[in-house]
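Here is the structure we will look at.
The values are calculated or read from the model by the stated rules, or taken from the named source; none is laboratory data. Model, not experiment: these values are computed from the prediction. Reconstructed Cβ throughout: ideal geometry from the backbone, glycine too, with neighbour counts over all protein chains shown.
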Amino acid sequence: MIGVAIVTVASILAASIFLLIARHRKLLLDFGMLTGLLAGNILLPAAPFVVLFGAARIGVVTSVVLASMCCLPSFFSAQRAIKVLERKGTDRVTVVLDAMWRVVGAAIGMLLVVVVTGLFVALFSGLIGPQVAG
C-alpha cells in the first residue's frame, strides 16, 4: 500500500516538473537547455520503481544506489541551467530561475523518497531489525 502512495507521489512530482519545463520551453530553448532538462527528468519518476521492484532482484543497497543515480541527472542539469540563467541576469529569466530551483528541490525530494523507501524495504524485508533464528 505504501508503494502505491510513493509511486503516486513520484508521478505527480514528475508531471509537475514536466509542466513547469513546458511552460518555460521557449526561453529554455533560447539558452539551449531544454533537451538536457527533459532528458534528466525522464529518469526522475523511475527512482521509486527501482527501489520498490529492484530490491527483491538486486538487493536493497544496490537498488537504492541505482535509484539515487536516477535523481542525479535532473539535479545536475537544473544546477547547470541555474548557473547559465544567473549569468544572463535579465528580467525574463527570473521566473525560469525560480522554476529551476523547484526542479532542484524536486530532485532532492525524490532522493529523500528513495532513501526512505529503501529504509522501509530493508525494514520489512528483514535486513534491519531483530533476526529470529530458526
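Is one or more of the residues making up region 5-26 at pLDDT below 85, surrounded by 13 or more Cβ atoms within 10 Å (Cβ to Cβ) and part of a loop (DSSP other than H, G, I, E, B)? Within region 5-26, one or more residues are at pLDDT below 85, surrounded by 13 or more Cβ atoms within 10 Å (Cβ to Cβ) and part of a loop (DSSP other than H, G, I, E, B). As a summary of the residue check, Ile58 satisfies the conditions (1) more than 18 Å from Gly109 (Cβ to Cβ); (2) touching a Phe, Trp or Tyr at 6+ places or on another chain (Cβ under 8 Å); (3) not small (Gly, Ala, Ser) except for the one numbered (2).
Only a single item in (1) exposed (fewer than 13 other Cβ atoms within 10 Å of the Cβ); (2) under 20 Å from Leu28 (Cβ atoms); (3) not basic (Lys, Arg) is not met by Val93, and it is number (1). Please determine whether any residue of region 71-81 is closer than 11 Å to Ile17 by Cβ, in contact with a helix residue (DSSP H, G or I) (Cβ under 6 Å, 6 or more places away or on another chain), at pLDDT 90 or above and surrounded by 15 or more Cβ atoms within 10 Å (Cβ to Cβ). Checked region 71-81: no residue is closer than 11 Å to Ile17 by Cβ, in contact with a helix residue (DSSP H, G or I) (Cβ under 6 Å, 6 or more places away or on another chain), at pLDDT 90 or above and surrounded by 15 or more Cβ atoms within 10 Å (Cβ to Cβ). A single member of Gly40, Gly59, Gly54 is closer than 24 Å to Val4 by Cα and touching a Pro at 6+ places or on another chain (Cβ under 6 Å), and it is Gly40.
Quick check on Thr35: is it without any contact (Cβ under 8 Å) to a residue 24 or more places away in the chain, surrounded by fewer than 13 Cβ atoms within 10 Å (Cβ to Cβ) and either assigned to a helix (DSSP H, G or I) or of a type outside the set (A, V, I, L, M) (or both)? Yes, satisfied. Look at region 12-27: where a residue is among the hydroxyl-bearing types (Ser, Thr, Tyr) and a partner is buried (at least 20 other Cβ atoms within 10 Å of the Cβ) and modelled with pLDDT of 85 or more, sitting 6+ places away or on another chain with Cβ atoms under 8 Å, you get Ser16/Ala106. Within region 16-44, the set of residues being over 19 Å from the mean Cα position of the chain (by Cα) and small (Gly, Ala, Ser) comprises just one member, Gly32. For region 44-67, a residue qualifies if it is within 18 Å of Thr8 (Cβ to Cβ) and part of a loop (DSSP other than H, G, I, E, B), and the qualifying residues are Leu44, Pro45. Within region 62-84, being in contact (Cβ under 8 Å) with a residue 24 or more places away in the chain, over 11 Å from Leu43 (Cβ atoms) and hydrophobic (A, V, I, L, M, F, W, C) holds for Val64, Phe76, Ala78, Ala81, Val84. Answer yes or no: is there a residue in region 114-125 that is among the small types (Gly, Ala, Ser), out of contact with any Leu (no Cβ under 9 Å at 6 or more places or on another chain), within 23 Å of Val7 (Cα to Cα) and not in a helix (DSSP H, G or I). Yes, some residue in region 114-125 is among the small types (Gly, Ala, Ser), out of contact with any Leu (no Cβ under 9 Å at 6 or more places or on another chain), within 23 Å of Val7 (Cα to Cα) and not in a helix (DSSP H, G or I).
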